[in-house]
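See below for the structure under consideration.
The values are calculated or read from the model by the stated rules, or taken from the named source; none is laboratory data. Everything quoted here is computed from the prediction, not taken from an experiment. No Cβ is skipped: glycine too gets one built from the backbone with ideal geometry, and neighbour counts run over all protein chains shown.
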Amino acid sequence: MSKSAVVTARIDPELKTRAEYVFAQLGLTTSQAITLFLRQVDLQQGLPLTLKIPNAATQAALKEARLKENLTSYETPDELFEDLGI
């Protein structure tokens, strides 16, 4: 099958750069990654990922993380594990 269709999209340049770095680590070009995504959409007849609206607790945690509020630091992994009760 000939590859002659062109897809044009406006993407945040920083997002594109970060995604291309991941693709490179996987040995893929951006074009190959898009092709994989589109093949999965075709095979699954839908998006190949789960889209969910985060619940209130998750939304609050995401907001705190973005704002760098209420963060806890640990000197060692053992301190983290102890705090987690592991």
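Points worth noting:
- Residue 33 falls short on exactly one of the conditions (1) surrounded by fewer than 10 Cβ atoms within 10 Å (Cβ to Cβ); (2) in a helix (DSSP H, G or I), and that condition is (1).
- Cβ separations smaller than 9 Å between residues 6+ apart or across chains give the following pairs from region 6-26 residues that are part of a helix (DSSP H, G or I) to residues that are among the hydroxyl-bearing types (Ser, Thr, Tyr): 16/30; 19/30; 20/29; 20/30; 23/29; 23/30.
- Test: residue 44 is surrounded by 10 or more Cβ atoms within 10 Å (Cβ to Cβ), under 24 Å from the mean Cα position of the chain (by Cα), of a type outside the set (A, V, I, L, M, F, W, C) and in the same structural domain as residue 34 (by TED's automatic domain parsing): yes
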